[in-house]
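Everything below concerns the one structure shown next.
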Amino acid sequence: MSVIVAQLGARMHYAVPRIFSRAGLLECLFTDACAVKGWPRLLRILPRILMPRQLQRLMARIPKGIPTNQITAFTDFGFRYSRRIAQSKTANERNGAFLWSGQEFNRRILARGFGKAQTVYVYNSAGLELLQEARRRGLKGIVEQTIAPRAIEWSLLTQEQASFPDWEAPTGEGLTQEYCAREAAEWAAADLILCASEFVRDGILACGGSAERSAVVPYGIDHAAISEKPTRLPGPLRVLTVGAVGLRKGAPYVLAAAKGLASHAEFRMVGEIQVLSEAETQLREHIELVGVVSRSEMQNQYQWADVFLLPSLCEGSSTATYEALFKGLPVICTSNTGSVVRNGVDGFIVPVRDGQAIIERLAELAGNPKLLTDMSKNAIARSSDYTLEKYSERLLSVLRERHLL
């Protein structure tokens, strides 16, 4: 039994195809662009500092442990895709870019063929045609829903934009219905719909997806890349948020907490700034906005922090929360973050859109050093269940139980 994985980008550092490759199950990884195939591999001899940021990010795309003869990369398509996403200024343009890329990616893979694979593994919005062809041939199909369905996300963001009209450009419906229809068609064509959290699974069921063909499999990360956290320095509580700075990640509620705690805590946000200039100005008055940083620099950000905060409205299962646990950071997040955090043990689960609840929990940690220390130890203990190896065991076990391997 062998598996084709069709993956745009380097999601979770190619965790899924790496798992299949280690298990001797990978037929081929199809992707848009990576550093070990085509002309990008020639750039590896150049100093990274001389490269523009886009190329630096490309050179970090290394599917470790996967033989290059098991990788097919459509590099030219990858650059067209990246450029189209970068040039998208509205939600409608982004939806259009995602729809185009999914269809074009599938067309190129179908032209290459499935080889000897008996199973096809794809990701939401980028696998419909592959799943349909797999079903036509009598092969098995798996779709991983990486975030709650677009219908759920769109509804949440529309409500949020009504509350914070000056933070982001209006979403508008645009091609949302077409995108939602594509996701629903993928669920219908798949033998299994994988979800990393109950939040995602609940969203699929609310949108008409099958309960019987859905399974929750939490992620795991490569802990070898996570160094230990140094001893905490005295001073205000240091609060870190990682991810795009915008409404979906709960930026207004991070701001509310920063205002409410004032001199009792320091706040830092790391990630692409997606809010309008007026909102960015408000954030900068109370929060350090770092912007996008490299993977290696992220380790310094986690080491700086005492607590990790992510009050997202919509996620799949944020890998940043897994990384924070490995760093010994208590995590404060919402249930919509899809985190594996246990409320009151290694962090706190707060309601969505509740800045006051965040303030109260952070104040509790700031005023109780023993609680902070205990939760930090619990976070490290919790992280041992969410390594890449544990993720591999969970994923392969579910696929074998469902007779997909």
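Against the test of being surrounded by fewer than 16 Cβ atoms within 10 Å (Cβ to Cβ) and closer than 20 Å to Tyr219 by Cα, the options Val345, Val341, Val331 yield a single qualifying residue, Val345. Do we have any residue at all in the range 349-365 that's farther than 26 Å from Phe164 by Cβ, crowded, with 24+ Cβ neighbours inside 10 Å, of a type in the set (A, V, I, L, M) and not assigned by TED's automatic domain parsing to the domain that holds Phe164? No, the conditions are met nowhere in the range 349-365. Checking each residue of the range 290-304 against the condition of being among the acidic types (Asp, Glu) and in contact with an Asp or Glu (Cβ under 9 Å, 6 or more places away or on another chain) gives no match. Whether a residue is within 19 Å of Arg238 (Cα to Cα), small (Gly, Ala, Ser) and more than 20 Å from the chain's Cα centre (by Cα) was assessed, and Ala279 does not pass this test. Against the criterion of being assigned by TED's automatic domain parsing to the domain that holds Ser88, among the acidic types (Asp, Glu) and buried (at least 16 other Cβ atoms within 10 Å of the Cβ), Glu168 qualifies. Here is a check on your reading of the model: is Ala256 closer than 21 Å to Cys333 by Cβ and either of a type outside the set (S, T, N, Q) or surrounded by 23 or more Cβ atoms within 10 Å (Cβ to Cβ) (or both)? So Ala256 fits the description; yes. In the range 136-159 there is at least one residue matching the filter, namely being surrounded by fewer than 20 Cβ atoms within 10 Å (Cβ to Cβ), out of contact with any Leu (no Cβ under 6 Å at 6 or more places or on another chain), touching a residue at least 24 places away in the same chain (Cβ under 8 Å) and under 19 Å from Leu26 (Cβ atoms). The strands (runs of 3 or more DSSP E) found entirely in the range 302-404 that carry 1 or more residues being hydroxyl-bearing (Ser, Thr, Tyr) and either without any contact (Cβ under 8 Å) to a residue 40 or more places away in the chain or touching a Leu at 6+ places or on another chain (Cβ under 9 Å) (or both) are 331-334.
Ala257 meets the stated requirement of being modelled with pLDDT of 95 or more, farther than 30 Å from Ala10 by Cα and of a type outside the set (D, E, K, R).
The set of residues in the range 119-144 being in a strand (DSSP E or B), out of contact with any Lys or Arg (no Cβ under 8 Å at 6 or more places or on another chain) and of a type outside the set (A, V, I, L, M, F, W, C) consists of Tyr121, Lys140, Glu144.
Only one entry of Glu278, Glu212, Glu266 meets the criterion of being outside the structural domain of Trp167 (by TED's automatic domain parsing) and either out of contact with any strand residue (DSSP E or B) (no Cβ under 7 Å at 6 or more places or on another chain) or over 30 Å from Asp306 (Cβ atoms) (or both), and that entry is Glu278.
Against the criterion of being under 28 Å from Ser392 (Cα atoms), buried (at least 18 other Cβ atoms within 10 Å of the Cβ) and among the basic types (Lys, Arg), Arg201 qualifies. Can you confirm whether Ala211 is among the hydrophobic types (A, V, I, L, M, F, W, C), touching a Leu at 6+ places or on another chain (Cβ under 7 Å), farther than 30 Å from Thr281 by Cα and surrounded by fewer than 16 Cβ atoms within 10 Å (Cβ to Cβ)? Yes; evaluated as a whole, the condition is true for this residue. Evaluation of Arg108 against the conditions (1) assigned to a strand (DSSP E or B); (2) under 23 Å from Trp39 (Cβ atoms) shows that the sole unmet condition is (1).
The values are calculated or read from the model by the stated rules, or taken from the named source; none is laboratory data. Please read all numbers here as calculations on a predicted model, not as lab measurements. All Cβ positions, even for glycine, are placed from backbone atoms using ideal geometry, and neighbour counts span all protein chains on display.
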